[in-house]
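Following: one structure in structure tokens, then a few remarks.
FYI, it's all coordinate maths here, none of it is from the lab. Just so we're clear, the structure is a prediction, and the values are computed from it rather than from any experiment.
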Amino acid sequence: MTTVAWDGTTLAGDKRAVWGDSIPVEATKVFRVKHKKEVYLIGFSGLTAVGEAFVRHLRKKGLVGHPPGVKGSTIWVITRRGGLILSDDDPRSEHNEEKWAIGSGWHFALGAMYSGKTAEQAVEIASRLDIYTGGGVDAVRF
């Protein structure tokens with residue numbers, strides 16, 4: 001229950017997280033991670049704990065797949081070369097799409113970006129239309 005958008009330059013994500021039918025809380029879903037000489041942009045949709053575990057693992061070991069036992073979320077890893085790697089239960093598949101969005105508000109965000117909006121603006125628009133998106137927007141770039 002989230003919206004994360006990539007416009008080819010910026011990775012943006014909303015901050016709303018929920019646990020079942022609970023009151024929404026704030027969470028960070030996009031990160032800029034450096035491991036040795038590599039820099040990655042990370043965005044995730046799904047379980048916050050899974051995304052955060054992936055980020056910790058990437059900071060320690062680099063891009064070597066999911067940490068053991070960590071599954072259940074769609075995790076994006078964007079390389080400086082521009083490759084978008086969708087890591088969903090690990091098989092790494094490269095995508096070089098110009099614009100991309102995931103989460104419950106993905107279709108609103110993608111439509112906004114194809115209408116000329118930035119990733120940040122697209123997530124803001126999705127938060128007006130999708131009840132599971134909101135709480136502000138975080139953004140990262142190389």
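The length gained by stretching the chain between Asp21 and Arg141 to full extension, at 0.36 nm per residue less their Cα-Cα distance, is 39.9 nm. The stretch between His107 and Arg32 holds 24.6 nm of extra length on full extension. This uses 0.36 nm per residue minus the Cα-Cα distance. For the cross-link pairs Lys15/Lys61; Lys37/Lys117; Lys29/Lys117, which exceed 28 Å when the distance is taken from alpha carbon to alpha carbon? Pairs exceeding the cut-off: Lys37/Lys117.
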